[in-house]
1. Reported to two decimal places, what Rg/Rh ratio describes the stretch 454-538 when computed on Cα atoms with Rh from the Kirkwood expression?
2. Ranked highest first by average number of other Cβ atoms within 10 Å, how do 95-103, 428-436 line up?
3. Just read off the accessible area of E322 with the full protein assembly in place, 1.4 Å probe, to the nearest 10 Å².
4. In the stretch 25-112, how does Rg compare with the Kirkwood Rh, expressed as the Rg/Rh ratio over alpha carbon atoms?
5. For the stretch 282-406, what value does the Rg/Rh ratio take when both radii are computed over Cα atoms and Rh is the Kirkwood radius, given to two decimals?
6. Let me know the shape class of the stretch 67-198, please: from the alpha-carbon gyration tensor, a ≥ b ≥ c as square roots of the eigenvalues, rounded when a/c is under 1.5, otherwise prolate if a/b is greater than b/c, or oblate.
7. Mind checking which lysines have their C-alpha under 22 Å from K529, skipping anything on the same chain fewer than 8 residues away?
8. If eta is 0.890 mPa s and T is 25 °C, what Stokes-Einstein diffusion coefficient results for the stretch 79-141, Kirkwood Rh from Cα pairs, in µm²/s?
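The values are calculated or read from the model by the stated rules, or taken from the named source; none is laboratory data. These numbers come from a predicted model, not from an experiment. Cβ placement follows ideal geometry from the backbone for every residue including glycine, while neighbour counts extend to all protein chains displayed. Accessible surface areas use protein heavy atoms only, side chains included; no ligands, DNA or RNA. Shrake-Rupley method; radii C 1.70, N 1.55, O 1.52, S 1.80 Å.
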Amino acid sequence: MKRFIYILIAIVMLLVLFGYLFLQSTQPTYSGNLSLKGLHEKVEVKYDAYGIPHIYALNEHDAYMALGYVHAQERLFQMEMIRRVATGTLAEILGPDLLKVDKLFRTLGVAQKSKEFVKQYEALNAPYKIATDAYFGGINEFIHDGPTPIEFRIIGIPKREFSVEDAYNAAGYMSFGFAEGFKVDPVLSVLVSKYGEKYLNDLAIDSPDDSARIQSFPHMDSAKLTSLAQAIEQIPIPLLVGSNSWIVGPGRTKSGKPVFENDTHIGYSQPSVWFEAHLEYPGMSHYGHYIAGIPFSLLGHNRLAAIGLTMFENDDVDFYKEKTDKEHPNQIWHKDHWEKLTSRTEIIPVKDSDPDTLLVRTSSHGPIVNDIYFKQMENTSPVSVWWSSMFFKEDILAAVYQLNHIASLDDARKGASMIEAPGLNVMYADTAGNIAWWASARLPVRPEHINTKLVLNGSSGEDDYLEFYDFSKNPQAENPPWDYVYSANNQPDSVDGVLYPGYYFPKDRAGHIVDLIDEKTGWTAEDSKQMANDVTSNVQSELAHLMASLLKESNTDVPQEIVERLQKWNGDHQKDAVEPSIHYTLAAWLAYYTLADELGYENMQTLSSTSLLKSSYIKLFSNPNSVWWDDIKTPEKETRDDIVRKSASSALKTLKKNFESSSPQDWKWAKIHTLTHNHPLGQVETLKRYFSVGPFDIQGGNETINNQMFKLDTTGVFSVIAGPAVRTVIDLSNMNGAESINPTGQSGNFLSPHYSDQAQMFVNTEFRPQLMDSLQITDAAKSTLILTPDKN
């Protein structure tokens, strides 16, 4: 018997040892020698203390092939998930629950557009083709000879090669996150069709009159909306949701050179969104932040200049109600003739189930989206969607390659002008002292009579866009006399009397950025780092004061201490503060009882993360006569006082329950405002501790400069879902002193020491160096990987 036990123990130990050795074999290779087929010359990759590769090559081809290889060994699973979201192939590996996501992206036609770009790419003799093809050659070398990531084995994902088509797919996925019209327009259109335009009066359909505006220098059928909230929630990779950037000009800084800051706001996830790499080869010295599957950095700097990005938030989505009849079932009426709909059939593979079939019909405006948005329409009127990203032809890779190779203001302007979609604010600073901001997009000239946030008339032609503005008419500023440029997804000021429509965010971040810059001279990089951690919101403070007044006027039973805390709150969102907990819990219930009866809870949640509702609360809650106060589900007509009393009662119950205390002193913000970086495998409870990172107590709130976003949820638990995906600060007087921070770490391999080594630093708003000096890199290098050509 003992012998049997010993044998059993030995077998278990061998299995454990085998499992350990197997897992260790899947780690990224940071040192030693590897041979790559297709490489021309030796490449040296030095890894610093945070696992960031510093790639030294003798030519462009080899630099980008090395980049593709080291990017893939850290982020191949992320590349695969982005490709599957964009092409609508998630259900193939994750099952029928992901069919909604697949049908959304297949209907929009992201993969179809990517194939069009590939044909255009193959016909060109463009300078960026060498780097692009080499990058994907490096990825594919890892796929062939590198270890299979553990996620592929657990989920059962087959490894497939990547190509330039996948770069366009990744750009399409990125663009979808920018297009807020997909969330807002259908909800508003159905709201108006059911209840009338009076419900729009208290919503910020256009940017509020008091919004911070960036200065430039030189009718539908009644329908029940098919909510996209569930589909969007199921997307297993993060969407882009906003950003900050400010550049203080040389006349305002201590060094006499610009001070640059950029923090892009994206849904938190693990692995984190950006991959950092430093490239050196003859004629090129570049430190960049890369999206998985895109060969060129979207953010970065060389030794002369820095480029940053934020979301423009221009309106690049229009829905059209088309006209048809029984005699023309596959045609629509447009202007003065019947126009035939094109169609294609998509076969969607589904794991452990039969394939699903999707018929996609398309008009000249775009794909028919009834099955996605308006499935329960009372009649069969088709609704199509025009999305700029699916219509324009300028290659985004060409624009980004240009921005990666800038040597002057003129170079940067040219790159910015090449971006048609998605809409981006391109931020620029250089060592010569120039600063600039360009709102980059191809902007349509729309008829003056239309409301672009409602479904338009597709049959008359009168609601179609007329032409496009020249880039010179886009909002922009180069070396403005006020000596700074900034963007926080807010409304640019009018150009030649034209205020471009969009989904611009309220003045919280933008207004505070301007105030902080204006009040100071002698600006330094340390000042920008401190500003990046600012967690005060004047708008939330104003809303809190308004709600305190409503509590008094409505004769609620709320204790005076709570009312006074709201009345005196300055909008500071520190971890140990009590006021944010009270404020957001009350605001959540007030929004719910005011809006959910008309919108439905899911649609209200969809809108709560958009600029529309964030800009509307003060306007709506200030109007005692708003139609929104009446609960349409009851026979009585409720007043604002009724809704405020009901909300206050629910908020108090929620606070006492969540904190297990009736004392406001115990209601600390950090207990209900935490950050977890969720990995797709973290949805499985037994795997969560290994793949997800967190939770962390964290300061900040919705639309503070340190923007730690959450849903305004009646649970009273405000888990952070999005925020800065990177923070970068550079004093252009010292390019070697550039600093940044990643929310978790450089690696997507859960066994890598760089999987989460920056996570606590990020929460603490600390920074680390972006090394470019060769001597510093050599001294700081923790390991060196040598890549050589495989001659076999």
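1. Taking Rg over the Kirkwood Rh, I get 1.11.
2. Result, highest mean first: 428-436, 95-103.
3. Rounded to the nearest 10, the figure is 0 Å².
4. Taking Rh as the inverse mean 1/r over Cα pairs, Rg/Rh reads 1.14.
5. Here the Rg-to-Rh quotient is 1.15.
6. Here the stretch 67-198 falls in the oblate category.
7. List returned: K254, K257, K507, K520, K575.
8. 184 µm²/s
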